[in-house]
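Have a look at the structure below before the remarks.
The values are calculated or read from the model by the stated rules, or taken from the named source; none is laboratory data. Model, not experiment: these values are computed from the prediction. Reconstructed Cβ throughout: ideal geometry from the backbone, glycine too, with neighbour counts over all protein chains shown. Protein only, heavy atoms only, side chains kept; ligands, DNA and RNA dropped before computing areas. Shrake-Rupley method; radii C 1.70, N 1.55, O 1.52, S 1.80 Å.
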Amino acid sequence: MKNLRKKISSQLFRTETPMLVYVVVFASIFLLWRYRSYNEDVALNFIAELFGAAFTLFIIDVLLVRAKTKRWKIVRDEMNYLIARNVNRIRDGVSTRVFNFNSALDMAHSTEEYLAEIRKRRSAFLSDIVSLNQDEILGKINEKEFFSESSYAYFNEKADELWNILNMRYADYFHPELASHLIGLNVNLKDLCGHIRQYLKSNRFENQSDRYKNIGRQGAIVSLVKIITLLNTLKKEGYSESASMQLDDRR
């Protein structure tokens, strides 16, 4: 269990009532207790009311949190798997479509060992990419294949898939850090699509071909570095998983 997943689980047990409400209630009780020497009956009546309100808050709050936790447990593992599967697919798409990553493994390995080794090599490959400068990254890209309509369609589709996850009903239970990573990934994928479009303008405006290509290249490299950084972060937090090939593998 990784750190971010632990944070998400702990998020489910957090109170629905702001801590400030409890502070105000107990501060009021304390002040009224001090005030009782001036008008004991009024002070004690207010204190009784506040104790009743505090008791109601505590009970209702506990019941709400338990109910939310019970509901979330039904879908929590499936949501985590859905996110991890999408992250894994994007990692694969970036490494193969953009950089033509090829693990060059011997197929004699068993399926499980083979996939594990590919993931290991791909992780090392993507970690190395973010340490390179713009020119070095650009040198690893096949521009003709990357700056194409098919690449635009692919990355736009992946951005939409992430947005659909964020718009799901149970996305309200995401830890803010996870939601931030997913939103950032969506935004940078959309930006990458915009830079691909910018590059492709060179085909329509031949007299400004170099200008549009340079703008597209520079913007795409910036977006790619941000995308890979987010993907690497999500993987470290446990969010990168290939499609399940076993029954009840995640239960």
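The single condition among (1) more than 20 Å from SER123 (Cα to Cα); (2) touching an Asp or Glu at 6+ places or on another chain (Cβ under 7 Å); (3) at pLDDT 95 or above that ARG250 does not satisfy is (3). Among helices (runs of 4 or more DSSP H) entirely within the range 1-108, having at least 2 residues that are at pLDDT 70 or above singles out 19-35, 40-93. Close contacts from the range 179-206, counting a first residue that is under 18 Å from SER240 (Cβ atoms) and a second that is at pLDDT below 95 and among the aromatic types (Phe, Trp, Tyr), with Cβ to Cβ under 7 Å and a gap of 6+ residues or different chains, come to ASN186/TRP163. Taken as a whole, the condition of being open to solvent by 50 Å² or more (accessible area, probe 1.4 Å) and modelled with pLDDT of 90 or more applies to ASP191. For the range 73-100, enumerate the residues that are more than 14 Å from LEU166 (Cα to Cα) and of a type in the set (A, V, I, L, M). Across the range 73-100, the qualifying residues are ILE74, VAL75, ILE90, VAL94, VAL98.
Looking at this structure, is HIS181 of a type outside the set (Asp, Glu), within 20 Å of LEU234 (Cβ to Cβ) and surrounded by 15 or more Cβ atoms within 10 Å (Cβ to Cβ)? When the stated conditions are applied, HIS181 passes them. Of the numbered criteria (1) over 25 Å from the mean Cα position of the chain (by Cα); (2) modelled with pLDDT under 85, the one ASP135 fails is (2). Inside the range 196-213, can you point out the residues that are within 14 Å of LYS144 (Cα to Cα), open to solvent by 90 Å² or more (accessible area, probe 1.4 Å) and at pLDDT 90 or above? The one that is within 14 Å of LYS144 (Cα to Cα), open to solvent by 90 Å² or more (accessible area, probe 1.4 Å) and at pLDDT 90 or above: ARG197. Contact map, the range 118-139: first residue closer than 11 Å to VAL225 by Cβ, second residue assigned to a helix (DSSP H, G or I) and of a type in the set (Gly, Ala, Ser), Cβ cut-off under 7 Å, separation 6 or more or different chains; pairs are LEU126/SER95. For LYS158, the stated conditions hold: it is within 23 Å of PHE101 (Cα to Cα) and either without any contact (Cβ under 8 Å) to a residue 24 or more places away in the chain or open to solvent by less than 40 Å² (accessible area, probe 1.4 Å) (or both). Considering the range 109-125, and only residues there that are aliphatic (A, V, I, L, M) and open to solvent by 50 Å² or more (accessible area, probe 1.4 Å), the residue that is modelled with the highest pLDDT turns out to be ALA124. Helices (runs of 4 or more DSSP H) fully within the range 122-192 that include at least 1 residues being among the hydroxyl-bearing types (Ser, Thr, Tyr): 149-166.
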